[in-house]
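Below: the structure, in structure tokens.
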Amino acid sequence: MSHLDQISNPADIRKLSKRQLKELASEIRDTIIQTVAKQGGHLGPNLGVVELSIALHYVFDSPKDKLVWDVGHQSYPHKLLTGRFQRFHTLRQKGGISGYPNIEESEHDAFGTSHASTSISAALGMAIARDLKKESSHVVAIIGDGAISGGMSFEALNHAGHLQTNLIVILNDNEMSIAPPVGALSTYLSTLVTHPNYAKVRQKVKDTIRKLPAIGIAASKKLGELEDTMRSLSKEGMYFKALGFKYFGPVDGHDLGGLIKALRNIKHIKGPILLHVATKKGKGFPQAEQDKEKWHGVSPFDVNNGLDLNKSGAISYSSAFANALVSLAKKDQRIVAITAAMPKGTGLDIFAKAFPERCFDVAIAEQHAVTFAAGLARRDMKPVCAIYSTFLQRAFDQIVHDVCAQNLDVTFCLDRAGIVGEDGKLQHGAYDIAYLSCVPNMVVMAPKDENELGHLLKTAIDHKGPAAIRYPRGSGLGLKIEEPKKIPLGKGEITRKGNDVTLLSLGTCYKEAMQAAELLKKEGISAEVINARFAKPIDEALILKSVKKTKKLVTIEEGVLRGGFGEAVESLILENQIPAKVARVGLPDLFIEHGTPKELKQLVGLTPENIANVAKSL
């Protein structure tokens, strides 16, 4: 029987010997690799925190002590150690366990996460709640080196340093940014100053020196300066100390014994603490160690050779966007590209190879990305911000104030729009149509396929003002890609004529709309299909002409219905007093859980069969 089989809660970990803990780490790595190979998921981040997760649960007492994982894409070891091993094979499947911490799933998931840089704020809130309730427990935030670059992390660190309550922040430095460990001296000094007896000795020495005639106070200050120098040999230490934290590290994140000792030593120190832990992203899987970005999040793959088992012959929407942008940038030197820590995910690694001086990765800082783009546009450049739909939500204020209010020429390319599948409720790009369409000056568009994406990109860049294009995750339809050409602003197209009902589709739902029209044809119903292309401005003349003829309309969108495209079209019909029956197909006013895109589209009714049934009901 494996060690994982015997762990029903974190207390069971403390029964294991040092040798058994190392065996447990190996079992966890193997389980994660085998499971992700079958189902996809986040591989590199989870392999990097195996020992850290074991050490945290060995030293702290969850769920009394709160462990808050930033982003949460490194929480698989945590889930395996908190009674979810038997269900781990259901990871990211519909009805199975989530790929992120979920407060509804386990009492050990202290805070639900999915976006970066939230952990320290949430953990500080929990720590202050503990203090107000006069409880005794530890609160630990675990944040990666990428997420700590986000502005929200700085705000939380600044506040925590001011409040000086007991809070532990673990900085997981996996060699993706922040400097590598200083070396043996740094490890030695960290061990020295984290030892529980150190604080007592330190205070006694200080008290004795202070009593020395004439030089006591000055000498005491010098002792403090020496200690600060020891603790802050790296620039990170100085940075955190300036914010009011006691800084320790870096320590080896794969040395279980050293991690346990360090965590035991710091858990009783008062005030805000930051422990800098150096880990290797992808630890234990050679391909993931060598290409950290590629193996961050993966589709199902062959464990033996690392080949993607779901690879399609069709180009992805991300690549179609990037190729079109490169083509346009060759003709216009004003075009620059911006990403927020996702160059490969958005396809901008392709653009960066062609135009390295015109591609900017601003790290996990979507707010800065948008206003940075606004500054570029103000000086007559043509910035293109490629950001996942769900992440652009974080910069709504900057979109309103810095871009749209000044009507600046910024193009937003929203990858992962609509249902993204197994990553879950906070990763779906469900809200962009609603939150962008309500802002004055913004143009919102969505292509029906990967070829039309290039045309809309040229349309957006040529437009004098803010514009956004939304497109889904994954592969296109395998169409031939044409050279991008401009489409008249706000103009849709009738792709199938009919007399009985209008199927008005926005974006890649067009495929389902056409299939629904075929189903209706078999029942003697003639459906007119319109590829809307634009959510704002909508093609009023085209839509009104069709609806006046058919007297029945079904709008189809892969976004929330409340405040979405269909709602705007329905208002148009009402304002023009057209006696027509209208139905809307899209995402409900609910957070949609994880599952395959096919399962989730079935769940919300974004299928040809349901669209046909809705049309028949009219």
Going by alpha carbons, how many degrees (0 to 90, nearest 10) lie between the helix axis of 216-231 and the longest principal axis of the chain?
50
Excluding residues on the same chain fewer than 8 positions from residue 281, give the lysines whose Cα lies under 25 Å from its Cα.
18, 22, 38, 66, 79, 235, 261, 292, 294, 311, 344, 353
Sequence-distant or interchain residues sharing an amide H contact under 5 Å with residue 424, placed H: which?
595
Hydrodynamic radius by Kirkwood for region 1-82, inverse mean 1/r across distinct Cα pairs, in Å, is 12.9
Stokes-Einstein diffusion coefficient of region 493-617, Kirkwood radius over Cα pairs, 20 °C, 1.002 mPa s, in µm²/s:
150
Give me, ordered by chain and number, the residues 5 or more places off residue 587 or on other chains with an amide H under 5 Å from its own placed amide H.
559, 560, 561
Taking other Cβ within 10 Å of each residue's Cβ, how do 459, 31 sort, fewest first?
31, 459
How much length is gained if the chain between residue 158 and residue 333 is pulled fully straight, taking 0.36 nm per residue apart and subtracting their Cα-Cα distance, in nm to one decimal?
59.0 nm
Got the relative contact order for region 317-470 handy, in percent, Cα pairs under 8 Å and 6 or more residues apart?
23
Residue-span extension gain [residue 599 to residue 310] - 0.36 nm each, minus C-alpha spacing:
102.4 nm
Hull surface over four for the Cα convex hull of region 251-354, reported in nm², is 10.8
Could you tell me how far the Cα centroid of region 15-38 sits from the Cα centroid of region 372-419, in Å?
43
Using the Karplus equation 6.51 cos²θ - 1.76 cosθ + 1.60 (θ = phi - 60°), what ³J(HN,Hα) coupling, rounded to whole Hz, does each residue of region 61-70 give in order, writing x for Gly and Pro?
10, 6, x, 4, 7, 9, 10, 10, 8, 6
Tell me, 82, 495, 411 in order of fewest to most beta-carbon neighbours within 10 Å?
495, 82, 411
Chymotrypsin sites (Phe, Trp or Tyr not before Pro) lying in DSSP loop within region 515-618, provided at most 13 other Cβ fall within 10 Å
591
Cα atoms only, region 317-470: Rg and Dmax in Å?
13.8, 41
To the nearest 0.05, what FRET efficiency results for residue 541 and residue 577 with a Förster distance of 22 Å applied to their C-beta separation?
0.85
Roughly how many nanometres apart are two label points built 7 Å out from the Cα toward the Cβ at residue 290 and residue 18?
3.4
By the Cα gyration tensor axes a ≥ b ≥ c (a/c under 1.5 gives rounded; else a/b larger than b/c gives prolate, otherwise oblate), the shape of region 470-558 is oblate
Can you give the Rg/Rh ratio of the chain, where Rg is from the C-alpha atoms and Rh is the Kirkwood radius?
1.04
For region 264-270, Karplus-derived ³J(HN,Hα) couplings (6.51, -1.76, 1.60; θ = phi - 60°; whole Hz; x for glycine and proline) come out as 4, 5, 8, 5, 9, 6, 7
Return a whole-number percent for the relative contact order of region 493-617, with Cα pairs under 8 Å and 6 or more residues apart as the contact set.
30
For residue 463, enumerate residues with amide H under 5 Å from its amide H, sequence gap 5+ or separate chain, H modeled in the peptide plane.
none
I'd like the distance separating the alpha-carbon centroids of region 255-295 and region 319-344, in whole Å.
36
The chain: relative contact order from alpha carbon pairs under 8 Å, six or more residues apart, as a whole percent, is 11
Pick out, from 129, 437, 504, the residue whose Cα sits farthest towards the positive end of the charge dipole of the chain, with +1 on the Cβ of Lys and Arg and -1 on the Cβ of Asp and Glu.
129
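Every number in this text was worked out from the coordinates using simple rules, so none of it is lab data. Note that the structure is a prediction, hence the values are computed from the model and not measured. Neighbour counts run over all protein chains shown; Cβ positions are idealised from the backbone, glycine included.
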